[in-house]
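We did not get these values from a lab; they are worked out from the coordinates using the rules stated. Predicted, not measured: the structure shown is a model, and the values here were computed from it. Virtual Cβ from ideal backbone geometry, glycine too; neighbours counted across all protein chains shown.
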Amino acid sequence: MSNADQVLKEIEEKAETEFLPIVGPERGKILAEEVRKAEPKRVLEVGTLIGYSAILMGRKLSKKARIITIENHADEAKAAEENIRRANISPKIQVITGDAVQVIPELRENFDFVFIDADKTQYFTYLRLAEDKLKKGTVIVADNAGMFARQMQDYLDYVRNSGKYTSRYVQVGDDGLEISIKL
Ligand SMILES: C[S@@+](CC[C@H](N)C(=O)[O-])C[C@H]1O[C@@H](n2cnc3c(N)ncnc32)[C@H](O)[C@@H]1O
């Protein structure tokens, strides 16, 4: 078992005993497969928690790729940095501590993959703030699009109906992922 596998397993075990809203192995498998297919160079993640999904995506990326992940709780961001260090994967993962609503406009680079998994009522805000940094063909995966569909209705309406994206919902158990591609 690789270091990354070991860290992911530890976090999954921890999530069984404490409240830890990670994407988890089932939706995580679909997320990782989307990353593998897209071969992105720059990934933006909104909502790091303790680094589970960042490590999951990082494992599928080339050495040259980079992930920027944003977390507004300092303790979680610190734990994520430690887990990422222990996972020992080659792509560089930068954890930024702060509110994504403030951090995203300050980012100076473009992205070709986005994973949104923070405050469910703010998905639309995160996307609108990041939109001018997203290349054509960028894949955007939004977690909890089944259970929290009502809270993220503005986001779902936008990616499905604005004409700026093609979008599909993937059901996984009693929740799901909205996977959108920028046109
Ligand atoms: C569902 S958890 C993320 C789980 C993580 N993506 C995973 O699968 O391992 C959501 C995280 O988003 C963070 N968060 C919520 N609102 C935020 C915001 N406005 N900016 C940055 N992080 C935020 C929370 O503190 C929490 O750690």
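Structural remarks
- Ordering of 163-172, 83-92 by burial proxy (mean other Cβ atoms within 10 Å per residue, highest first): 83-92, 163-172
- Choice from Gln153, Gln94, Gln102 with maximal GNM fluctuation in the chain (Cα, 10 Å cutoff): Gln102
- Between Glu76, Glu109, Glu12, the Gaussian network model of the chain with springs among Cα atoms under 10 angstrom shows the greatest mean-square fluctuation at Glu109.
- Around the Cα centre of the chain, unit charges on the Cβ atoms of Lys, Arg, Asp and Glu (plus for the first two, minus for the last two) sum to a dipole of about 1080 debye.
- Of all DSSP bridge pairs formed entirely within the chain, close to 40 percent run antiparallel.
- Inter-centroid distance (Cα atoms) of the range 150-173 relative to the range 22-52, Å: 18 Å
- The range 1-160 - percent relative contact order, Cα under 8 Å, separation 6 or more: 22 percent
- Sites Gln6 and Leu183, calculated FRET efficiency, Cβ-Cβ separation with R0 35 Å, nearest 0.05: 0.30
- Legend: translational diffusion of the chain by Stokes-Einstein, Rh = Kirkwood radius over C-alpha pairs, 25 °C, 0.890 mPa s; D = 152 µm²/s.
- For the chain, built as a Gaussian network whose Cα springs stay under 10 Å, the top-fluctuating residue of Gly137, Gly58, Gly47: Gly137
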